[in-house]
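Trainee: Let me begin by handing over the structure; questions about it come next.
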Amino acid sequence: MKKGFVYLVGAGPGDPGLITVKGKECVSLADVVIYDYLAGEQILDFAREDAELIYAGKIGGAHNHEQWQINDLLVEKALSGKVVTRLKGGDPFIFGRGGEECEALKTAGIGFEIVPGVTAAIGAAAYAGIPLTHRNVTTSVAFVTGHEHPDKDESEIDWQRLSLGSGTIVFYMGVKNLPQITSSLLEHGRAPDTPVALVRWGTRPEQQVLEGTLSDIAEKARKAAFKAPAITIVGEVVKLRETLRWFDSKPLFAKTVLVTRSENQAGEFSAMLAAKGARVLECPTITLLPPESWGAVDAEIERLASFDWVIFTSANGVNFFFERLAAKGLDARAFADCRICVVGAKTAAHLASHGIKADLMPSDYKAEGVVAEFAKLDITGLKFLIPQVDKARDVIPKGLAAMGGSVITPLTYRNSTPDNIPAKVLQALEEKRVDCVTFTSSSTVDNFAAMLGENRMLHFLEGVKVAAIGPITAKSCRDIGLNVDIEPEKYTLEEMTEEIVKYFTI
Ligand code: SAH
């Protein structure tokens, strides 16, 4: 049988953006991904749908798997002909036991490659705003384990040389032993006022930094009940954080924001919030489905040229309509004889991606704004096609009909409610860890309430700030008993993000 192959990949310190391009490729091509506690879970999203994902982590020293078991697993999977990606937090060769895993592979005659990663010291220091070396401050840096093998009688660390010989010292796995580490450094001559920073869950939205000096940091950490996983940075460079801090000073840092948009739409909004430092939890409340039958849409596509205007009220409407056009072997040229109106810049952008520039985009994104815009024209006798979602408001069709237009509204896609709330979201709600919930349409409000049950939802959202994208969504919130705290003037995701930032920074 063909032998498999193993990629030993550094996943970086947690921010999924910090994996290397090559590392990401290895995750996406693997038959089997064997991952650790510290390898950020989001990186697993890059894996193939059908890849086998195996957790081989150790949590806080409690070994789910012993190292020899992991070695055996790697060998076994590779021998059965699989391409295995062994994903390890940070860099595989820095306190990662990657060396031992490679030795096992070598012995078994299995081919491997090593893809380095951003190690915790480098990642966490960068995200804490602490340059590990600095021309004016220090010329060297040492990476040291703060947790030597438990069977060793005596430390192998040469404390004398380490204390005075290295400018910056970074300890991995040192939180528990912090009192011994600091006293060893002090005993061997390092100055008591040497600055020290502990960085926990560096590069992640949960990052915590505790600052002190060699003489007081152990006591501060004890008082704050500071826990692993954290690195300990010792040296004058720590002072630079005061001026260089950039990550944990973002306006929404440490705030948890719930995004309730449909799965295919959430990404963009989540990214905007994350860029402001928020920890984003996605709870899709809408699944988009095609209509049960395409009959109505197909009939209008046949006579598209007879319409004077086509009005797209959402990006989803554009996407579903064009999907159907394509299925029938047609493209944007089918609209050659119609003028096109879009509601909202997003809709315009989606239309543009199909090669069509909208003729009209009312500046007021509400349905009423669209009617007002057409009221400026004479539309008597004109034919309008409005691809609709089910349960859409009828403001536009009614308004246009009242002005003498003839309007057809074929059902182009449907909203349905997913069955389950993701476990992560439920847990955050139960533990009162959510700071803000965002609603970007009335259906997100109604579906969220339906998925949780109204009373349970009201209970979960007690004390949680509510952001609604516009007046209609806000009304839906109020109708079910929610107070709206944040409501942008312009109904766009950008404005909504800005308003949330403003709300939490005042
Ligand atoms: N191979 C890993 C280190 C594994 S040892 C690497 O190169 O980063 C585990 C230790 O790494 C933890 O106890 C902690 O000291 C450190 N560590 C890993 N991820 C971290 C993070 N995001 N923030 C702070 N420390 C981290």
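Trainee: Return the only residue of THR107, THR138 being open to solvent by 40 Å² or more (accessible area, probe 1.4 Å) and more than 9 Å from the ligand (Cβ to nearest atom).
Mentor: Numbers: THR138 fails: open to solvent by 40 Å² or more (accessible area, probe 1.4 Å).
When all the criteria are applied, what remains is THR107.
Trainee: When you go through GLU211, GLU292, GLU268 one by one, which is the residue that is open to solvent by 40 Å² or more (accessible area, probe 1.4 Å) and out of contact with any helix residue (DSSP H, G or I) (no Cβ under 8 Å at 6 or more places or on another chain)?
Mentor: Details: GLU211 fails: out of contact with any helix residue (DSSP H, G or I) (no Cβ under 8 Å at 6 or more places or on another chain); GLU268 fails: out of contact with any helix residue (DSSP H, G or I) (no Cβ under 8 Å at 6 or more places or on another chain).
After ruling out the rest, the residue left standing is GLU292.
Trainee: Just to verify a result, which residue in the stretch 110-135, among those that are more than 16 Å from the ligand (Cβ to nearest atom) and not assigned by TED's automatic domain parsing to the domain that holds GLY14, is farthest from the chain's Cα centre (by Cα)? Break it down stepwise before answering.
Mentor: Narrowing the stretch 110-135 to residues more than 16 Å from the ligand (Cβ to nearest atom): 110-113, 131, 133-135.
Still in the running and not assigned by TED's automatic domain parsing to the domain that holds GLY14: 131, 133-135.
On the way: PRO131: 26, THR133: 31, HIS134: 32, ARG135: 35 Å.
Only one residue fits best here, namely ARG135.
Trainee: Going by the conditions given, is ALA449 loosely packed, with under 14 Cβ neighbours inside 10 Å, over 24 Å from PHE320 (Cβ atoms) and among the small types (Gly, Ala, Ser)? Can you show your working first?
Mentor: Working: loosely packed, with under 14 Cβ neighbours inside 10 Å: no; over 24 Å from PHE320 (Cβ atoms): yes; among the small types (Gly, Ala, Ser): yes.
When the stated conditions are applied, ALA449 does not pass them.
Trainee: Quick check: anything in the stretch 332-350 assigned to a strand (DSSP E or B) and surrounded by fewer than 18 Cβ atoms within 10 Å (Cβ to Cβ)? If you could, list the steps in order and put the result at the bottom.
Mentor: Initially, the stretch 332-350 is screened for residues assigned to a strand (DSSP E or B), giving 339-342.
In the following step, the residues that additionally are surrounded by fewer than 18 Cβ atoms within 10 Å (Cβ to Cβ) were identified as 339.
So far as the stretch 332-350 goes, yes, one or more of its residues are assigned to a strand (DSSP E or B) and surrounded by fewer than 18 Cβ atoms within 10 Å (Cβ to Cβ).
Trainee: Do you know which residues across the stretch 141-189 are within 16 Å of the ligand (Cβ to nearest atom) and part of a loop (DSSP other than H, G, I, E, B)?
Mentor: Listed by number, the residues that qualify are GLY146, HIS147, GLU148, HIS149, PRO150, ILE157, MET173, GLY174, VAL175, LYS176, ASN177.
Trainee: Please list, ordered by first then second residue, the pairs with beta carbon atoms under 6 Å, 6 or more apart or interchain, first in the stretch 78-93 and outside the structural domain of ALA30 (by TED's automatic domain parsing) and free of Cβ contacts under 8 Å to residues at least 40 places away in the same chain, second open to solvent by 10 Å² or more (accessible area, probe 1.4 Å) and away from the ligand (no atom under 16 Å from the Cβ).
Mentor: Taking only residues 6 or more apart or on different chains, not a single pair turns up.
Trainee: Among the residues of the stretch 80-100, write down those that are part of a strand (DSSP E or B), more than 8 Å from the ligand (Cβ to nearest atom) and within 14 Å of VAL115 (Cα to Cα).
Mentor: Of the stretch 80-100, the ones part of a strand (DSSP E or B) are 83-88, 90.
Subset that is more than 8 Å from the ligand (Cβ to nearest atom): 83-87.
Correct list: VAL84, THR85, ARG86, LEU87.
Trainee: List the number of the failed condition for ALA423; all other conditions in (1) small (Gly, Ala, Ser); (2) within 30 Å of GLY295 (Cβ to Cβ); (3) open to solvent by 50 Å² or more (accessible area, probe 1.4 Å) hold.
Mentor: (2)
The values are calculated or read from the model by the stated rules, or taken from the named source; none is laboratory data. Keep in mind the model is a prediction, meaning the values are calculated, not measured. With ideal geometry, Cβ positions are generated from the backbone for all residues, glycine too; neighbour counts draw on all protein chains shown. Heavy atoms of the whole protein, side chains included, go into the accessibility calculation; ligands, DNA and RNA do not. Shrake-Rupley method; radii C 1.70, N 1.55, O 1.52, S 1.80 Å.
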